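The values are calculated or read from the model by the stated rules, or taken from the named source; none is laboratory data. The structure displayed is predicted, hence computed values, not measured ones. Virtual Cβ from ideal backbone geometry, glycine too; neighbours counted across all protein chains shown.
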């Protein structure tokens with residue numbers, strides 16, 4: 001993904017959430033609405049999450065060291081995982097607790113204009129942030145559906161912001177519904193129910209984010225299109241005749257490791273093989289620019305070994 005696109009979406013979300021959080025706490029102070037308190041904490045958690053994503057992006061830019069020879073690109077995955085934990089604990093669990101307390105000790109709302117006005121303002125501000133995230137994501141999404149984009153994206157920032165903003169908008173509608181029903185019935189239980197629904201929503205989103213970022217932390221291979229491009233770039237039909245097997249691994253959202261065993265002609269000289277491998281690496285980098293770490297091992301293709309199953313070319317994560 002474009003790092004600038006992800007940063008733009010994060011900054012837009014951060015600005016919106018800081019303004020919304022302040023407005024929600026003011027509304028809670030004047031009305032006593034538990035939905036407003038839960039939403040205020042939700043916005044504070046979201047603001048912290050955006051700060052974590054920005055920090056992860058900065059740390060990931062550090063140069064490789066002897067201790068970490070492949071660099072720090074996975075810092076972005078680590079901070080994306082931390083976001084899911086913060087969203088679950090601070091946002092979701094707190095809202096569930098606050099909603100439970102309000103249901104067991106309901107009371108009418110005071111100064112209802114405050115929560116209603118703030119919720120309308122928050123929906124507009126979150127809508128702006130969500131629109132920015134959608135615009136930046138569409139430049140990368142292509143023909144993928146939104147669930148596919150969230151599932152397959154190698155950079156965590158845009159999927160995280162998308163899900164956070166989507167959850168925030170739905171949560172605001174739930175809060176508005178809880179406040180509205182409380183005003184219509186005079187029963188504060190509805191405010192608590194709305195708060196519980198917000199908590200359940202945030203927990204669900206946090207679990208989805210945790211599952212996706214965990215997969216990235218474990219290490220994901222390149223996408224099918226990138227694998228096909230790499231395979232096509234390796235073979236020159238002269239010295240390098242085929243890919244025997246290949247493994248790819250994302251060292252970070254914008255850095256790919258490629259390791260492959262390639263078949264060469266049995267009568268080629270060492271210089272011819274070395275030149276062919278260097279040329280293959282250049283072709284790979286031209287076809288897939290994020291393929292920055294490449295290891296190609298020359299070998300003689302053995303058809304009988306491949307037929308017996310010793311050729312792992314079609315195993316998961318390979319070619």
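General remarks:
- Subset of the stretch 81-95 [modelled with pLDDT under 85 and out of contact with any helix residue (DSSP H, G or I) (no Cβ under 6 Å at 6 or more places or on another chain)]: 89
- Restricting 200, 228 to those that are surrounded by fewer than 18 Cβ atoms within 10 Å (Cβ to Cβ) and within 30 Å of residue 278 (Cα to Cα) reduces the list to 228.
- Residue 294 vs. criteria assigned to a helix (DSSP H, G or I) and either assigned by TED's automatic domain parsing to the domain that holds residue 163 or touching a residue at least 12 places away in the same chain (Cβ under 8 Å) (or both): no
- Flag for residue 316 being modelled with pLDDT under 90, closer than 20 Å to residue 223 by Cβ, out of contact with any strand residue (DSSP E or B) (no Cβ under 6 Å at 6 or more places or on another chain) and in a loop (DSSP other than H, G, I, E, B): yes
- The residue list 32, 71 contains one member that is touching a residue at least 24 places away in the same chain (Cβ under 8 Å) and within 28 Å of residue 108 (Cα to Cα), which is 32.
Each row is one residue, and each column tells you yes or no for (1) at pLDDT 85 or above; (2) within 27 Å of residue 157 (Cα to Cα); (3) in contact with a strand residue (DSSP E or B) (Cβ under 6 Å, 6 or more places away or on another chain); (4) in a helix (DSSP H, G or I).
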| site | (1), (2), (3), (4) |
| --- | --- |
| 35 | no, no, no, yes |
| 38 | no, yes, no, yes |
| 61 | yes, yes, no, no |
| 76 | yes, yes, no, yes |
| 79 | yes, yes, no, yes |
| 97 | yes, no, no, yes |
| 110 | no, no, no, no |
| 120 | yes, yes, no, yes |
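- Filtered residue count, the stretch 118-145, keeping only those that are exposed (fewer than 15 other Cβ atoms within 10 Å of the Cβ) and either farther than 30 Å from residue 32 by Cα or outside the structural domain of residue 168 (by TED's automatic domain parsing) (or both): 8
- Filtering 222, 260, 206 for residues that are surrounded by 20 or more Cβ atoms within 10 Å (Cβ to Cβ), closer than 30 Å to residue 149 by Cα, touching a residue at least 24 places away in the same chain (Cβ under 8 Å) and more than 26 Å from the chain's Cα centre (by Cα) leaves a single hit, 260.
- Within the stretch 155-168, not a single residue is modelled with pLDDT of 90 or more, buried (at least 21 other Cβ atoms within 10 Å of the Cβ) and in contact with a helix residue (DSSP H, G or I) (Cβ under 8 Å, 6 or more places away or on another chain).
Yes or no, residue by residue, for (1) more than 22 Å from residue 289 (Cα to Cα); (2) out of contact with any helix residue (DSSP H, G or I) (no Cβ under 8 Å at 6 or more places or on another chain); (3) surrounded by fewer than 17 Cβ atoms within 10 Å (Cβ to Cβ); (4) modelled with pLDDT under 90:
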| site | (1), (2), (3), (4) |
| --- | --- |
| 186 | yes, yes, yes, yes |
| 191 | yes, no, no, yes |
| 194 | yes, no, no, yes |
| 253 | no, no, no, yes |
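- When residues of the stretch 138-155 are limited to those that are part of a helix (DSSP H, G or I) and touching a residue at least 40 places away in the same chain (Cβ under 8 Å), the one nearest to residue 42 (Cα to Cα): 150
- Some residue of the stretch 88-96 being buried (at least 18 other Cβ atoms within 10 Å of the Cβ), closer than 30 Å to residue 223 by Cβ and touching a residue at least 12 places away in the same chain (Cβ under 8 Å): yes
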